[in-house]
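Let me begin by presenting the structure, written as structure tokens, before commenting on it.
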Protein chains: 2
Amino acid sequence: MKKYLLVFLISFLTFACSQTPQNNQSSLTKAEPFLESWNEGVSKKAIEDFIKNTTDPNSPDFIPEKDRIAVFDNDGTLWAEQPMYFQLYYAIDFIKKNASDHPEWSKIESIQAILQDDLKAALDGGTQAILELVMVSHSDMTAEEFAQSVRSWLQESRHPQTGKPYNQMIYQPMVELLELLRANDYKTFIVSGGGIDFLRVWAEEAYGIPPYQVVGTSLKAKYEEQNGKMEIIKIPELNFIDDKEGKPVGIHQHIGMKPIIAGGNSDGDYQMIEYTTQGSGPSLGIYIHHTDSIREYAYDRESHVGRLDKGLDDAARLGWLVVDMAKDWKTIYPE
Amino acid sequence: MKKYLLVFLISFLTFACSQTPQNNQSSLTKAEPFLESWNEGVSKKAIEDFIKNTTDPNSPDFIPEKDRIAVFDNDGTLWAEQPMYFQLYYAIDFIKKNASDHPEWSKIESIQAILQDDLKAALDGGTQAILELVMVSHSDMTAEEFAQSVRSWLQESRHPQTGKPYNQMIYQPMVELLELLRANDYKTFIVSGGGIDFLRVWAEEAYGIPPYQVVGTSLKAKYEEQNGKMEIIKIPELNFIDDKEGKPVGIHQHIGMKPIIAGGNSDGDYQMIEYTTQGSGPSLGIYIHHTDSIREYAYDRESHVGRLDKGLDDAARLGWLVVDMAKDWKTIYPE
């Protein structure tokens, strides 16, 4: 329980450290099941070749349909994560919105700091402070109340730097990759350090990934009567941390099969990519490298959010594809 | 952790209490997506009408494809569970087969009793004894070793009363129902008190349900190097008990959506059916009632395995369909 929010990391130290993204450079009127937003090059070709080889019955790398599992991290891989994880914006906004109904929160220092708009102070408490923020904003409510709260927040909120709704800061090239995979009978899963219930609210609309194909960090829940109705109630106790070595475990517990493709962007995804690509048989490990300080953000080894260090060291040796966002992607966000 | 094997119940007290099933009465050369093994009657009609109404865009009960989730218990609902849960046969057979490699087991009373073929003594220790049997047979090995062990066992073992391989004691009418649902774009899930890793080994071949659509009771696991390879290792610690009020919670955590159809056969499935059918909107709750002492087993309120008591009391009032195996099913097992 104490370890929570490795998931969110302690990212405020670099708050506002990043550049403001510019507008997109090209537009897609309709997502097609090919990689229209990818520039021609090594990355696009490697992905297309891999999909072709694993779906061609005459290829030695052919993978039967039922084994075609592809897993992707979310924060920094399918949508942006700077200057801090978007789910933490949700937590903060929730606390500000609901504090007046919860006088008991006034005893919690980290929440007091949030209400005074002092993020740095709020997070001086480290992991424990972040845990407090998440627990009050993600539990002691029914699953449906939480989902409704996230849904409203997504409609009302805007990213502080781009001014976009958060769920429009998904990566168009990755949406196209997901579509291409599904068109080739791959099942696409999210395997995220972020909260499973948070993701499920919007992942289907954003990525075409249904709730039951989302794996993530979770709180415990109970089934109990509330106002004359039986409800799933989220309780303030950690159930599972889906990060680092937790990702292969989450894949095992939730999916029950070793993936063929795994994509991530940080060292938190290292073990998941390692698990997917070790051993014999065709597999594809993908790292999305944030190299685009103009259109998105450029960060890797030194970043407190989405640090990519060991992964960069080992990718070439292990045969993992490193996608260079600046060079490989024609566009970042959907129009 | 102490409560484990509610899942398996403590069923030996009724060991050998049941009648020997006869042969099947009809045969299917090929499973078709209609309910060929169901007799005409109220049950078959209710199921067919429900599927028709929820998939007809012109019906007021229409359910969009993405929301078509159907969940089924396994033991006693999709395959037989008498005279005791088949997974417990696996545990016992595993212990007998591997005892010579594990001298340390000799200190465990319940295992000593198993090795002396004294089931009653083995289980006199109640839940704690059963827990010991399950832990030694389901953990301290890699996920792949466990799967391979279950696979071999299924090939080698026969049910003590029918002489059939256990995975041929699935219910043909239920296999047809699963196929009919999938042909109508329902996603079919297992939500079982049994072990998730045990089920995943054979559920796809038996039922057409892939590993990632199996929810069940689970042990914890870790990701660790073993013999130079990174492995998922099952550890002897309970992760989740997917029974009774655990079933709606398991559905929430794993599927993330409220089902439209839920089927079970015991009071352990009550909360899952309740969760599925409460509130407005079309839903179908199904109880399989074991009424066939000739072809299968007849048991309900007094059984130590698969007790159905409260469910029988409440089904009519709550509008749940009670399937009478003796009357509604032309055949029990596949030919």
**Q.** Average Cα contact separation per residue, chain B, under 8 Å, 6 or more apart, as relative contact order %
**A.** 28 percent
Q: Note down the magnitude of the dipole of segment B:190-335 about its Cα centre, charges +1 on Lys and Arg C-beta and -1 on Asp and Glu C-beta and zero elsewhere, to the nearest 20 debye.
A: 240 debye
Q) Straight-line reach from A:Lys164: which lysines have Cα under 30 Å away, leaving out those fewer than 8 places along the same chain? A) A:Lys30, A:Lys44, A:Lys96, A:Lys97, A:Lys120, A:Lys187, A:Lys234, A:Lys244, A:Lys247, A:Lys327, A:Lys330, B:Lys66
Q: Give, in nm to one decimal, the length gained when the segment between A:Phe34 and A:Asp118 is fully stretched (0.36 nm per residue of separation minus the Cα-Cα distance).
A: 25.7 nm
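Please tell me the relative contact order of segment A:84-160 in percent, rounded to the nearest whole number, where contacts are Cα pairs under 8 Å and at least six residues apart. Show your work: numbers first, answer last.
On the way: 44 pairs, mean separation 22.0, N = 77.
With pairs under 8 Å counted, the relative contact order is 29 percent.
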Q. Per the helix-only calculation at 222 nm, which mean residue ellipticity applies to chain B, given -39500 (n - 2.57) for every DSSP H run of n ≥ 4 and division by its residues, nearest 500 deg cm²/dmol?
A. -10500 deg cm²/dmol
Q | Farthest toward positive dipole pole in segment A:84-160 [+1 Lys/Arg, -1 Asp/Glu at C-beta], among A:Leu123, A:Pro160, A:Gln112 | A | A:Pro160
Q. Got the B:Ala121 label distances to the other copies yet, label 7 Å along Cα→Cβ, in nm, shortest first?
A. 7.0
(Q) Given a 10 angstrom Cα cut-off, can you work out which residue in A:Asp324, A:Asp314, A:Asp124 is the most mobile in a GNM of chain A? (A) A:Asp314
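Rounded to the nearest 5, what % of DSSP beta bridges with both residues in the protein assembly as shown are antiparallel? Before the final figure, lay out the partial values.
Numbers: 28 of 66 bridges.
Close to 40 percent.
May I ask you to derive the FRET efficiency for B:Ala326 and A:Lys330 from their Cβ-Cβ distance with R0 = 45 Å, giving the value to the nearest 0.05? Walk me through the numbers on the way to the answer.
Working: r = 65 Å, r/R0 = 1.44.
Plugging the Cβ-Cβ distance into 1/(1 + (r/R0)^6) gives 0.10.
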Q: Restrict the search to segment B:257-335; then list the trypsin sites (Lys or Arg not before Pro) that DSSP places in a loop and that have at most 12 other Cβ atoms within 10 Å of their Cβ.
A: B:Arg301
Q | Mean shadow area of the protein assembly as shown over all directions, Cα convex hull, nm² | A | 30.8 nm²
Q) Amide H neighbours of B:Val323 under 5 Å, counting only residues 5+ apart in sequence or on other chains, H built in-plane at 1.01 Å? A) B:Tyr287, B:Ile288, B:His289
Q | Exam field: B:Gly41 pseudo-label spacings to other copies (7 Å along Cα-Cβ), nanometres | A | 6.7
Q: With springs only between Cα atoms under 10 Å apart, run a GNM on chain B and tell me which of B:Phe94, B:Phe72, B:Phe189 wobbles the most.
A: B:Phe94
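Averaged across the residues of A:212-221, what count of C-beta atoms belonging to other chains lies within 10 Å of each residue's C-beta? Spell out each step's value before the answer.
Details: counts 11, 4, 1, 2, 1, 0, 3, 1, 3, 5.
So the per-residue partner count for this stretch is 3.
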Q.
Spelling out what I want: for every residue of segment B:36-44, take phi, set θ = phi - 60°, compute 6.51 cos²θ - 1.76 cosθ + 1.60 (Karplus), and round to whole Hz; glycine and proline get x.
A. 5, 8, 9, 6, 4, x, 4, 5, 4
Q. Dividing the convex hull volume of the Cα atoms of segment A:84-160 by its residue count, what figure in Å³ per residue is obtained?
A. 95 Å³
Q.
Taking the 0 to 90 degree range and rounding to the nearest ten, how far is the long axis of helix B:126-138 tilted relative to the main principal axis of chain B, both from C-alpha atoms?
A. 80 degrees
Q) Once the dipole of chain B is set up with Lys and Arg at +1 and Asp and Glu at -1 on Cβ about the Cα centre, which of B:Leu318, B:Ala91, B:Pro334 lies farthest towards its positive end? A) B:Leu318
**Q.** Shielding of A:271-282 by partner chains, average beta-carbon count, 10 Å
**A.** 1
Q) Once both axes come from the Cα atoms, what is the angle between helix A:143-156 and the longest principal axis of chain A, in degrees from 0 to 90, rounded to 10? A) 80 degrees
**Q.** Highest-fluctuation residue, A:Met141, A:Met230, A:Met169 considered, GNM on chain A with Cα pairs under 10 Å
**A.** A:Met230
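From other protein chains only, count the Cβ atoms within 10 Å of every residue's Cβ in A:249-262, then give the mean. Walk me through the numbers before you get to the answer.
Values: counts 9, 2, 3, 12, 12, 7, 5, 15, 5, 3, 0, 0, 0, 0.
Mean partner shielding for this stretch: 5.
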Q | Cα-based helix-to-principal-axis angle, B:86-98 vs chain B, degrees rounded to 10 | A | 20 degrees
Q) If you find the alpha carbon centre of segment B:114-178 and of segment B:207-282, how far apart are they in angstrom? A) 19 Å
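Laboratory data are not the source of any read-out in this text; all were calculated from the coordinates shown. Keep in mind the model is a prediction, meaning the values are calculated, not measured. Neighbour counts run over all protein chains shown; Cβ positions are idealised from the backbone, glycine included.
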